[in-house]
1. If packing is taken as the mean number of other Cβ atoms within 10 Å per residue, what is the order of 78-90, 25-37, highest first?
2. Calculate the FRET efficiency for residue 86 and residue 35 from the Cβ-Cβ distance with a Förster distance of 25 Å, rounded to the nearest 0.05.
3. Calculate the spin-label point distance for residue 64 paired with residue 95, positioning each point 7 Å from the Cα along the beta-carbon direction, and give it in nanometres.
4. If you wrap a convex hull around the Cα atoms of the chain, how much volume per residue is inside, in Å³?
5. Note the full-extension length gain between residue 14 and residue 51 as 0.36 nm times their separation in residues minus their Cα-Cα distance, in nm to one decimal.
6. For every helix of n ≥ 4 consecutive DSSP H residues, a contribution of -39,500 (n - 2.57) applies; sum these over the chain, divide by its total residues, and give [θ] at 222 nm rounded to the nearest 500 deg cm²/dmol.
């Protein structure tokens, strides 16, 4: 009889430990999901910053080419690209 009670106690102990491990695993999973969301938000912010910096870079390149007088056709092309982008933005704002 004592062997059966010992086995039952052992099984109950193991079940308790498994339950605790499950709670810890779920807690770690929640933390990991929060980190993923934070990192995804940071990625989105950085993408926006990259787009903004690329636009500024284009403007600087156009300004430099206009200042030096070199690559006037390239400068015209870039100005036309910027005008098209501005037109797209205005069209989106008018919707």
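1. Top of the packing list down: 78-90, 25-37.
2. On the way: r = 39 Å, r/R0 = 1.56.
Once the sixth-power term is evaluated, E becomes 0.05.
3. The modelled label-to-label distance comes out at 3.5 nm.
4. Working: hull volume 14.0 nm³, N = 95.
So the per-residue Cα hull volume is 147 Å³.
5. Details: separation 37, 0.36 × 37 = 13.32 nm, distance 5.47 nm.
Between residue 14 and residue 51, full extension yields 7.8 nm more.
6. Values: 2 runs with 90 residues, N = 95.
Counting only the DSSP helices, I get -35500 deg cm²/dmol.
Every number in this text was worked out from the coordinates using simple rules, so none of it is lab data. All figures in this text were calculated on a predicted structure; none of them were measured in a lab. Here the Cβ is made from the backbone with ideal geometry for all residues, glycine too, and neighbour counts use every protein chain on show.
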